[in-house]
Amino acid sequence: MSASEPLAPCDACGFAHSPLDRDAPAVNTPPLATRDPELWRRLVARAWWLSARYYGAPVYLVGSAVTSDDPRDLDLVVILPDDLFVAAYGDRGTKQALNQWRYGPSLDPADPPAIWRRWARDVARQGATLTAEFHTAVDFKTQCETFAAALDAMPRHLLARVR
């Protein structure tokens, strides 16, 4: 996409997105956006804050909140580049740290790896804060790019990406 190509405004969130972006919200506007516009507005605003907090990483709404009129919860995923994920949570080389995170407590349930513990504390804290803020269950997680490919098959909506 060149800088001269226009951005398409999103009916759901009001922000402009590239029409060539496969994550463009106009393609998969969640029912939540029209069912509860106030919650949607607050969710998008918080997603911009989350993207900034996580170094400009994209924030996606995934799961039933994208497709259902009455989702059980809101699933938010921030996809971090592998090196940034390790820098935020790990203390070893990228490949070793990512594998330790991937298998987490299954390596040693009594003493999970440090990268997994740091990650679990962060996502639990963010999830609890968001649940209290939105008065609905929020399943929040960060995920490294290496293991985010599973999200490609899922319905998702790009909420924010600070650049």
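Taking label points 7 Å from Cα along the Cα-to-Cβ direction, Asp91 and Ser64 give a separation of 3.9 nm. Centroid-to-centroid, using Cα positions, the stretch 119-145 and the stretch 50-92 are 9 Å apart.
Using a cut-off of 15 Å between beta-carbons, work out the net charge of the residues near Asp122 (Lys and Arg +1, Asp and Glu -1, Asp122 not included). Before the final figure, lay out each step's value.
Details: positive: Arg53, Arg117, Arg118, Arg121, Arg125, Lys141; negative: Asp91, Asp139.
Net of charged neighbours comes to +4.
Select from the stretch 46-119 those trypsin sites (Lys or Arg not before Pro) which occupy a DSSP coil region and have at most 14 other Cβ atoms within 10 Å, ordered by residue number. Let's see the in-between values first.
On the way: sites: Arg46, Arg53, Arg72, Arg92, Lys95, Arg102, Arg117, Arg118; in loops: Arg72, Arg92.
Answer in residue order: Arg72, Arg92.
Taking a sphere under 11 Å around the Cβ of Lys141 and counting the other residues whose Cβ falls inside, with K and R at +1 and D and E at -1, yields a net charge of -3.
Please report the net charge: other residues with Cβ closer than 11 Å to the Cβ of Ala57, K and R +1, D and E -1. Provide the component values of the computation, followed by the final result.
Values: positive: Arg53, Arg161, Arg163; negative: Glu145.
So the surrounding residues net to +2.
Judged by the mean number of other Cβ atoms found within 10 Å, the most tightly packed of the peptides 58-64, 151-157 leads the ranking 58-64, 151-157.
Across every pair of different alpha-carbon atoms, what Kirkwood hydrodynamic radius in Å does the stretch 101-163 reach? Don't skip to the end; give the middle numbers.
Numbers: mean 1/r = 0.0728 Å⁻¹.
After inverting the mean inverse Cα-Cα distance, the result is 13.7 Å.
Just so you know, all these numbers are worked out from the coordinates, no wet-lab data involved. Note that this is a predicted model, so its numbers are computed, not measured. Heads up, the Cβs are rebuilt from the backbone with ideal geometry, glycines too, and the neighbour counts pull from every protein chain shown.
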